[in-house]
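Chemist: The structure's right below; bear with me while I get my questions together.
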Amino acid sequence: MRPAELTKHLPLDSTKIPMDCSLFTTPSLDVVTSAVPFAASSLLAQTQAGAVAEGISGKQYLFVAIALAVLIVPFVIGGFLAKSLKMPNSGNRFGWVLLAMIASSVVLINKLPGLGVDLSGGTILVYEMDPEKLETLNENSDETVKSEDLVEPLGRRINPSGTQEIVIRPYGETQIEIIVPAVEQSEVDRIKGAIETAGILRFAIVANQADHQGIITTAAEHSQSPERSVRLAPTVREDGDNGPYGLWVEVDREVDNGVKGRLRVNVAGSVLRNPDTGELISLPENVRMNSDPELAIGRWIDDQKFSALEVLMIVDPLLNITGEDLAFAASTFDQQGAPAVAFNLTDSGSNRFFALTSENAPQGSRQRQLGIVLDDKLLSAPNILQAIRKEGRITGRFTREEVEDLVKILKAGQLPAALTPQPIAENQIDPTLGADTINKGVWAISVSLMLVLVFILFYYRFAGVVACIALIMNLAMILATMVLINQPLTLPGLAGLVLTVGMSVDANVLIFERIREELKKGAASRMAIRNGFAKATVTIIDANLTTLITAIVLYAIGTDQIRGFAVTLILGILFSMFTAIYVSRTFFDLAERHGFLSLSMSDSVNSLRHSIAGDAGLDFVGKGKLMLFVSAILVAIGVASLFARGRSILDIDFAGGSSVQFRLNGSTETDTVREIVKTTMLAEDGQAVPYTVNGVSMEEAEAGTVYKVDSSFTRVDDLKNAVEKAFADGSGVKLITYDVKISPAGDAQSSNRSLSNRNGVMLTALMQDEAAIADDVPAVSPSAFSGATVTSTAVIELGIDGDPTGGQMKAETLVEALLASAKAAGVELSERSIELTPLGDNASEWSEGSSLTFGRWRVAMPIKAAEADKVFSTFQNDLDTEPVWISSSSVGSQVAGDMIQRAFGALFASLLCIIGYIWFRFQRVIYGLAAVAALLHDVLITLGAIAVSYWLADALGILLIDPFKISLTVVAALLTIIGYSLNDTIVVFDRIRETKGKAPRLTGDMVNQSINQTLSRTLLTSLTTLIVVLLLYWFGGDGIHAFAFALVVGVMVGTYSSIFVASPILLWLVGRGEKTATT
């Protein structure tokens, strides 16, 4: 590609000025990106050509073969079975059922759903764009800056290698969410620090022999130094010179699916070095003279096993141009209509930029390159054609995509600085808490599934076998689809999966009860099956679609974790309809056709009802007024309790504040912990900060050792400091902290060659052969240190509470911690001089820049043993006193306010959609209003139960009642209750509509008859669902305890309201409407 050029930005009519056809020679300054290989189109062509050349791999053939087999084989087998079983019209039905079974099995055998942050552990950070900086950026740009513009710059900043599974995504228009997988707190602090310091964009001259011979000579001398820290020094300064200096920066490379490709800049004629050894590099002639040098150099780097390639840049402190001096960058067109990049400089930066480009303007045919460096990586290097003061343009043979990429690079130097220094929301979960939740969740779902299956088998017998198959298929299809859409399983998602076990039974129960009614009317088995499925299908669709509405709304407004619940609920609803209506019907037809059908079922509910009320049934309508009075009292108590608790009932999701979970070294009463932390819960002005303390149960922890503190501190670090200070004041009980051990880095003989072993530091002479660090360092005599590099080595073990390597840490984080310790100890230490080697399992898979974490590291530093002692002592003391936070979270007031609005919006939107759908299906808005009245009744009583739990927690602690709060997961539970209760109500209303038929008016007897006819289905579905949510409440763990409590209350109240609230209100509204019509 032709080198890019940097020129002054001129109007299009400047083409009238005489110029060279290849380079701008007008009084404009075009920075020519001589190496800007943003050649997206060229790269694409090469990739495609390579694919054709290499052909399709064996794995790809195997994948295609398996996919075709999964899609085709079920229908082939289905056709064969249809003929063999003499059911010629059922081939496609068999095929679809087999496809669901085989596809789900193949997917789940190959891969299980991934885990969300709340189950696997990790941290979620939410940052907001600073309003003032955002306004400034928008004033200087033709386009509004949005959060999505930050994704790429932040990715370069906090995940430069692209190897970490860090998710960076927009969170609204002015906020951005960063999800970090399970790492230690120090790694989270590193990421927060990287965001706080923002990216550094600077313009610097690429070093050349004609102008910078002195600095280049000094760089060559450094490369021959025996001191590793000198060889790898990031800067090159001539002795006593405070003027321009050399800066080594990495030449950036294009990355495709994690694989590094061509260089972004052609540096064939520049001063280069190996960043691993500090050795200056001379490229082979065939690489330098290659027609595509960017690609050739990239391949040569890989062949030489270099981690990267560095180029020498020249920085003048007096003419230092950074991203803060860049006011505007956008795509444009040059005088010939080709894509180009236009940029403007600020007033303060324009003078320095003019001086810089004037000093480096062309001399004859010789041109200098102006490097664009972001975070010490060279991304572009256009040739300077002439001086620029304020406006410039980068031109060349760019494609539109290449121009957009370069604009992003220029903007990347500004955008990270637009974020607020501190996150407005933070949620951190330790992997041990996630593992505990998984164990409890898996246990709850396994037991609940077993109990539900046994109950269904006992009650419905053969039909129960069909229902069990449908239920297992439903779960398998949900999990397989989550794998295919790459939806991780979150904590609320796990709860949704458990809830699906109970709710998916409902469709089958509806069908079976309809079949029972047909049999009582004297219908034959085939006709009973046909009519039962036909009549139940309409009700199933109506009931499930209304629940689907609430699930979709929940997905639209929810956070990442809540969306996990919504996804499982949506998939559960869709697949339960498929398995109940389609799969179950297929099995019934097969059994009926071949004579092994048995429709005998238990009828305990109807038998009990008959024994109590006889053939007339129970008089529900007659007790309607009494039940409504009871409901009114319960609602009044609940509302009064909500007002009594005030804002204290809101969790930090809605109230704002911070929360931490920690572990103590001994069992302690909740009141004692509350008194301990009370002394430090003070704001800066000395005022008491509201807080709550609750005990938390974990399987691997002794009872009374894990606690959670919620407070109104806006920053979670302030709460951590307060808790840490409280337990450090001699209270007797202590926080569990990290356990750091530092030992010699050799075998048992290492003490013979150790000059200092106070911290297990070993001082050795690093001879010329320094290629590798072996587990056994050869012993050397003291005389060997003469003329050699002094290196201190040690092994660091990062333990937690008895687990010697439980404190996993990655190399980058460990280096930063050691540098911080060295600074605190007053020891000079550079980042590149520290050599790390992981020890233990999977150590062979580690490489420079890897994100793998280890609990044992071998550390080598080019400092004396006495200085190493200081560094390691500081490191050990700092980490030994750092508590292990099981989880932590903070929510800013603005985020909390947004959450409240979204929660109310979700509830309102759900109710509005439900009214509209029921109005459409029943042709009268009265049905919708009656259903919504029952839903409001259920929500208010459930909220009241949560409010009352504050006063019942101590008295009814045996029932695991805690002082629950309203959180985002509780809102998810409320929306689930709305869907569940509505499901019940729709079933009753559908039967009322059927019973009424063409009768002129609705009567109380019709309503009574309809409720009695659906009573068996209502109670059976409620019982199976209640079994599940009770197990979830009792054994699901603290992460979803409030969620499960709300569901337990909601399921019971929802069953009650569909019988005693919705139907009487409907009858009253219909009667009131008829009276109004007659008058």
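Chemist: Surrounded by fewer than 20 Cβ atoms within 10 Å (Cβ to Cβ) and in the same structural domain as Gly957 (by TED's automatic domain parsing) - does that describe any residue in region 1058-1067? Let's see the steps before the verdict.
Modeler: Keep residues of region 1058-1067 that are surrounded by fewer than 20 Cβ atoms within 10 Å (Cβ to Cβ), which gives none.
No, every residue in region 1058-1067 fails to be surrounded by fewer than 20 Cβ atoms within 10 Å (Cβ to Cβ) and in the same structural domain as Gly957 (by TED's automatic domain parsing).
Chemist: Specify which of the listed residues (Asp334, Asp347) is more than 30 Å from Thr277 (Cβ to Cβ), surrounded by 19 or more Cβ atoms within 10 Å (Cβ to Cβ) and of a type in the set (D, E, K, R). Please lay out each step first, then the result.
Modeler: Values: Asp347 fails: surrounded by 19 or more Cβ atoms within 10 Å (Cβ to Cβ).
Exactly one of Asp334, Asp347 is more than 30 Å from Thr277 (Cβ to Cβ), surrounded by 19 or more Cβ atoms within 10 Å (Cβ to Cβ) and of a type in the set (D, E, K, R), namely Asp334.
Chemist: When the residues of region 520-566 are narrowed to those that are closer than 17 Å to Val970 by Cα, in a helix (DSSP H, G or I) and of a type in the set (Gly, Ala, Ser), which ends up modelled with the lowest pLDDT?
Modeler: Within region 520-566, the match that is modelled with the lowest pLDDT is Gly564.
Chemist: Inspect all residues belonging to region 245-254 and state whether any of them is of a type in the set (Asp, Glu) and loosely packed, with under 15 Cβ neighbours inside 10 Å. Spell out the reasoning first.
Modeler: The initial filter retains those residues of region 245-254 that are of a type in the set (Asp, Glu), namely 250, 252, 254.
Those left that are additionally loosely packed, with under 15 Cβ neighbours inside 10 Å: none.
No, every residue in region 245-254 fails to be of a type in the set (Asp, Glu) and loosely packed, with under 15 Cβ neighbours inside 10 Å.
Chemist: Restricting to region 521-552, and then to whatever is crowded, with 18+ Cβ neighbours inside 10 Å and of a type in the set (Lys, Arg), can you tell me which residue is nearest to Gly979 (Cα to Cα)?
Modeler: If we take residues in region 521-552 being crowded, with 18+ Cβ neighbours inside 10 Å and of a type in the set (Lys, Arg), then Lys535 is nearest to Gly979 (Cα to Cα).
Chemist: If I filter region 946-970 down to residues being β-branched (Val, Ile, Thr) and either modelled with pLDDT under 80 or over 22 Å from Leu569 (Cβ atoms) (or both), which single residue comes out as farthest from the chain's Cα centre (by Cα)? Break it down into steps so the answer makes sense when it comes.
Modeler: In the first step, residues of region 946-970 are kept if they are β-branched (Val, Ile, Thr); the result is 946, 948, 958, 961, 966, 969-970.
Checking the rest, the ones that are also either modelled with pLDDT under 80 or over 22 Å from Leu569 (Cβ atoms) (or both) come to 948, 958, 961, 969.
Details: Val948: 34, Ile958: 36, Ile961: 31, Thr969: 16 Å.
Among those residues, the one meeting the criterion is Ile958.
Chemist: Sticking with this one: Can you find even one residue in region 461-469 that is closer than 26 Å to Leu975 by Cβ and part of a helix (DSSP H, G or I)? Give the derivation first.
Modeler: First pass over region 461-469, keeping only residues closer than 26 Å to Leu975 by Cβ: none.
No, every residue in region 461-469 fails to be closer than 26 Å to Leu975 by Cβ and part of a helix (DSSP H, G or I).
Chemist: Please go through region 916-953 and give me each residue that is farther than 16 Å from Leu975 by Cβ and of a type in the set (D, E, K, R), ordered by number.
Modeler: To start, the set of residues in region 916-953 that are farther than 16 Å from Leu975 by Cβ comprises 916, 918-930, 933, 944-945, 947-953.
Residues satisfying the conditions are Arg921, Arg924.
Chemist: How many residues are charged (D, E, K, R), assigned to a strand (DSSP E or B) and within 23 Å of Leu283 (Cβ to Cβ) when one looks only at region 225-271? If you could, list the steps in order and put the result at the bottom.
Modeler: From region 225-271, those charged (D, E, K, R) are 227-228, 231, 237-239, 241, 250, 252-254, 256, 260, 262, 264; that's our starting set.
Of the ones still in play, those that are also assigned to a strand (DSSP E or B) are 250, 253-254, 256, 260, 262.
Okay, now just the ones that are also within 23 Å of Leu283 (Cβ to Cβ), so 250, 253-254, 260, 262.
Number of matching residues: 5.
Chemist: Can you tell me which of Leu626, Leu618, Leu634 is touching a residue at least 60 places away in the same chain (Cβ under 8 Å), in a helix (DSSP H, G or I) and not β-branched (Val, Ile, Thr)?
Modeler: Working: Leu626 fails: touching a residue at least 60 places away in the same chain (Cβ under 8 Å); Leu618 fails: in a helix (DSSP H, G or I).
Of the residues listed, the single one that is touching a residue at least 60 places away in the same chain (Cβ under 8 Å), in a helix (DSSP H, G or I) and not β-branched (Val, Ile, Thr) is Leu634.
Chemist: Also, quick follow-up: So if I check each of Ile478, Ile515, which one is among the β-branched types (Val, Ile, Thr), at pLDDT 80 or above, part of a helix (DSSP H, G or I) and over 20 Å from Gly114 (Cβ atoms)?
Modeler: Only one candidate passes the filter, namely Ile515.
Chemist: Related question: Which residue out of Leu85, Leu112, Leu99 is modelled with pLDDT of 80 or more and crowded, with 18+ Cβ neighbours inside 10 Å? Spell out the reasoning first.
Modeler: Numbers: Leu85 fails: crowded, with 18+ Cβ neighbours inside 10 Å; Leu112 fails: crowded, with 18+ Cβ neighbours inside 10 Å.
Of Leu85, Leu112, Leu99, the one residue that is modelled with pLDDT of 80 or more and crowded, with 18+ Cβ neighbours inside 10 Å is Leu99.
Chemist: Could you please let me know if Val790 is buried (at least 17 other Cβ atoms within 10 Å of the Cβ), modelled with pLDDT of 80 or more and either at negative phi or of a type outside the set (Ser, Thr, Tyr) (or both)? Before you say what the answer is, go through the steps one by one.
Modeler: Working: buried (at least 17 other Cβ atoms within 10 Å of the Cβ): yes; modelled with pLDDT of 80 or more: no; either at negative phi or of a type outside the set (Ser, Thr, Tyr) (or both): yes.
When the stated conditions are applied, Val790 does not pass them.
Chemist: Also: Hey, any hits in region 1010-1021 for a residue that's assigned to a helix (DSSP H, G or I) and within 16 Å of Ile1065 (Cα to Cα)?
Modeler: Keep residues of region 1010-1021 that are assigned to a helix (DSSP H, G or I), which gives 1010-1021.
Narrowing the set further to residues that are within 16 Å of Ile1065 (Cα to Cα) leaves 1010-1011.
Within region 1010-1021, one or more residues are assigned to a helix (DSSP H, G or I) and within 16 Å of Ile1065 (Cα to Cα).
Chemist: Consider Thr399 against the criteria (1) at pLDDT 75 or above; (2) surrounded by fewer than 24 Cβ atoms within 10 Å (Cβ to Cβ): it satisfies all of them except one. Which criterion is unmet?
Modeler: Checking Thr399 against (1) at pLDDT 75 or above; (2) surrounded by fewer than 24 Cβ atoms within 10 Å (Cβ to Cβ), the one that fails is (1).
So that you can scan it fast, the table gives a plain yes or no per residue for (1) crowded, with 18+ Cβ neighbours inside 10 Å; (2) among the charged types (D, E, K, R):
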{"position": "Thr568", "(1), (2)": "yes, no"}
{"position": "Leu574", "(1), (2)": "no, no"}
{"position": "Thr579", "(1), (2)": "yes, no"}
{"position": "Phe587", "(1), (2)": "yes, no"}
{"position": "Phe596", "(1), (2)": "no, no"}
{"position": "Lys623", "(1), (2)": "no, yes"}
{"position": "Ile633", "(1), (2)": "no, no"}
{"position": "Leu642", "(1), (2)": "no, no"}
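Chemist: With respect to Glu867, is the statement that it is in a loop (DSSP other than H, G, I, E, B) and either modelled with pLDDT under 80 or not small (Gly, Ala, Ser) (or both) true?
Modeler: Values: in a loop (DSSP other than H, G, I, E, B): no; either modelled with pLDDT under 80 or not small (Gly, Ala, Ser) (or both): yes.
It is false that Glu867 is in a loop (DSSP other than H, G, I, E, B) and either modelled with pLDDT under 80 or not small (Gly, Ala, Ser) (or both).
Chemist: In region 809-857, which residue that is among the basic types (Lys, Arg) and out of contact with any Asp or Glu (no Cβ under 8 Å at 6 or more places or on another chain) is farthest from Thr791 (Cα to Cα)? Let's see the steps before the verdict.
Modeler: Initially, region 809-857 is screened for residues among the basic types (Lys, Arg), giving 810, 823, 832, 856.
From the residues that got through so far, the ones that are out of contact with any Asp or Glu (no Cβ under 8 Å at 6 or more places or on another chain) too are 823, 832.
Working: Lys823: 18, Arg832: 14 Å.
Checked region 809-857; the qualifying residue farthest from Thr791 (Cα to Cα) is Lys823.
Chemist: Among (1) crowded, with 21+ Cβ neighbours inside 10 Å; (2) within 21 Å of Ile570 (Cα to Cα); (3) of a type in the set (A, V, I, L, M); (4) at pLDDT 85 or above, there is one condition Ile485 misses while meeting the rest; what is its number?
Modeler: (1)
Chemist: Working only within region 272-282, note down all residues that are part of a strand (DSSP E or B) and not hydrophobic (A, V, I, L, M, F, W, C). Write out each step before concluding.
Modeler: Step one: filter region 272-282 for residues part of a strand (DSSP E or B), giving 272-273, 280-281.
The answer is Arg273, and nothing else.
The values are calculated or read from the model by the stated rules, or taken from the named source; none is laboratory data. Fair warning: this is a prediction, and the values are worked out from it, not measured in the lab. As a convention, Cβ positions derive from the backbone with ideal geometry for all residues, glycine included, and neighbour counts pool all protein chains shown.
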